[in-house]
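Novice: One structure, as structure tokens, below. Some questions next.
The values are calculated or read from the model by the stated rules, or taken from the named source; none is laboratory data. These numbers were taken from a predicted model, which means no experiment stands behind them. Methodologically, a virtual Cβ is constructed for each residue, glycine included, from the backbone with ideal geometry; neighbour enumeration extends over all protein chains shown.
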Amino acid sequence: MSKTPPPRLISRLDIKGRNVVKGIQFEGLRVVGDPGVLTKRYYEQGIDEILYIDTVASLYGRNNILSMVEKAAESTFVPMTVGGGLRSVEDIVAALNHGADKVAINTAAVARPELIREAAEAFGSQCVVVSVEAKRRGPGQWEAFTDNGREASGVDVLEWVAKAEALGAGELLISSVDQDGTCRGFDIDLLREVRARVEIPVIASGGAGEAAHVVTVLRDTEIDAVACGHILHFEKHSVAGLKQEMRASGLEVRL
């Protein structure tokens, strides 16, 4: 029986123009730093992966951060995932050619789910992360949003994640619109429900305000990774500090 790998700690960089931005519930975005500077900081501190999301790409119909990713790839040797505005296999090819190891797709996948299958067949499931922006609609019920949390889709999150896995997604990035930027912790109920419906790796995003939130979500939901933005950007914790807290709580960490 194969051993479950240690959970991954991922730095999430939401990018608008030339800046990393952060908001609350995907709104009120404010500049928090330079992508190159933050990427270097997190890499040197021992981050396991880096996630770049172009926050306005779907609005303008194309991803504008590929040159930024290409530059980062020259000196950053951890897996990098790029999302935002990827609408076709050709767009995915461009992201991979600029240094991405994986791609995150949301808006285009909701509009045309077959894109997931096409991408998985072309590049392998391990390359395809389906990004889900989930907003609570009632007890045990969440709706998938698109366009960086701007547009309701009418799609039920729990049905969608099962479908995404069936189509070939290799991983799920579950972002809670309700918890994003609040520093109140993750949507544990959402992540438990998603975990119960899929076997592929699940990344939690949205809500980390302290190390205890990271520890709790990993302990209580059996997810595979945590993507952090606010807690790292505002230096409430360093990557090394978070890993130290994880280790102290009995969780394995990646060296």
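Novice: Would you mind stating whether Arg112 is over 19 Å from Ile203 (Cβ atoms) and either among the β-branched types (Val, Ile, Thr) or in contact with a Leu (Cβ under 8 Å, 6 or more places away or on another chain) (or both)?
Specialist: For Arg112, the condition - over 19 Å from Ile203 (Cβ atoms) and either among the β-branched types (Val, Ile, Thr) or in contact with a Leu (Cβ under 8 Å, 6 or more places away or on another chain) (or both) - is not met.
Novice: Go through segment 174-188 and give me each residue that's over 15 Å from the mean Cα position of the chain (by Cα) and more than 21 Å from Glu235 (Cα to Cα). Steps first, answer last, please.
Specialist: First pass over segment 174-188, keeping only residues over 15 Å from the mean Cα position of the chain (by Cα): 178, 182-185, 188.
Within segment 174-188, Asp178, Ile188 qualify.
Novice: Considering every residue within segment 94-101, establish whether at least one is under 21 Å from Asp180 (Cα atoms) and modelled with pLDDT of 95 or more.
Specialist: Looking only at segment 94-101, we keep the residues that are under 21 Å from Asp180 (Cα atoms), and these are none.
The answer is no, given that none of the residues of segment 94-101 is under 21 Å from Asp180 (Cα atoms) and modelled with pLDDT of 95 or more.
Novice: Name the one entry in Ala104, Ala111, Ala119 that is under 21 Å from Val20 (Cα atoms) and modelled with pLDDT of 95 or more.
Specialist: None of the others qualify; the one that does is Ala104.
Novice: Follow-up. Which one is surrounded by the most Cβ atoms within 10 Å (Cβ to Cβ) among residues in segment 198-223 that are among the charged types (D, E, K, R) and touching a Lys or Arg at 6+ places or on another chain (Cβ under 9 Å)?
Specialist: Glu210
Novice: Let me ask something additional. Hey, among Ile47, Ile24, which residue is of a type in the set (A, V, I, L, M), in contact (Cβ under 8 Å) with a residue 12 or more places away in the chain and closer than 20 Å to Gly241 by Cβ? First the steps, then the outcome.
Specialist: On the way: Ile24 fails: closer than 20 Å to Gly241 by Cβ.
None of the others qualify; the one that does is Ile47.
Novice: Here are some conditions: (1) free of Cβ contacts under 8 Å to residues at least 24 places away in the same chain; (2) surrounded by 18 or more Cβ atoms within 10 Å (Cβ to Cβ). Cys228 meets all but one. Which one does it not meet?
Specialist: (1)
Novice: Check segment 189-197 and report whether any residue there is within 27 Å of Ser238 (Cα to Cα) and either at pLDDT below 95 or crowded, with 19+ Cβ neighbours inside 10 Å (or both).
Specialist: yes
Novice: Let me ask something else. Checking the condition basic (Lys, Arg), at pLDDT below 95 and in contact with a Pro (Cβ under 7 Å, 6 or more places away or on another chain), which residue from Arg254, Arg150 passes?
Specialist: Exactly one residue qualifies, and that residue is Arg254.
Novice: Which one of these is touching a helix residue (DSSP H, G or I) at 6+ places or on another chain (Cβ under 7 Å), surrounded by 15 or more Cβ atoms within 10 Å (Cβ to Cβ), of a type in the set (Gly, Ala, Ser) and under 14 Å from Gly85 (Cα atoms): Ala109, Ala104, Ala144?
Specialist: Criteria check complete, one pass: Ala109.
Novice: Where the second residue is surrounded by 17 or more Cβ atoms within 10 Å (Cβ to Cβ) and the first is of a type in the set (Lys, Arg) and lies in segment 114-131, which pairs have Cβ atoms under 8 Å and are six or more apart or on separate chains?
Specialist: Arg117/Leu167; Arg117/Gly168
Novice: Now, a different point. Does segment 26-47 hold any residues that are surrounded by 15 or more Cβ atoms within 10 Å (Cβ to Cβ) and either among the aliphatic types (A, V, I, L, M) or more than 21 Å from His237 (Cα to Cα) (or both), and which are they?
Specialist: Selection gives Phe26, Leu29, Val32, Leu38, Ile47.
Novice: While we're here: Within the group Lys102, Lys16, which residue is touching a Gly at 6+ places or on another chain (Cβ under 9 Å) and of a type in the set (D, E, K, R)?
Specialist: Lys102
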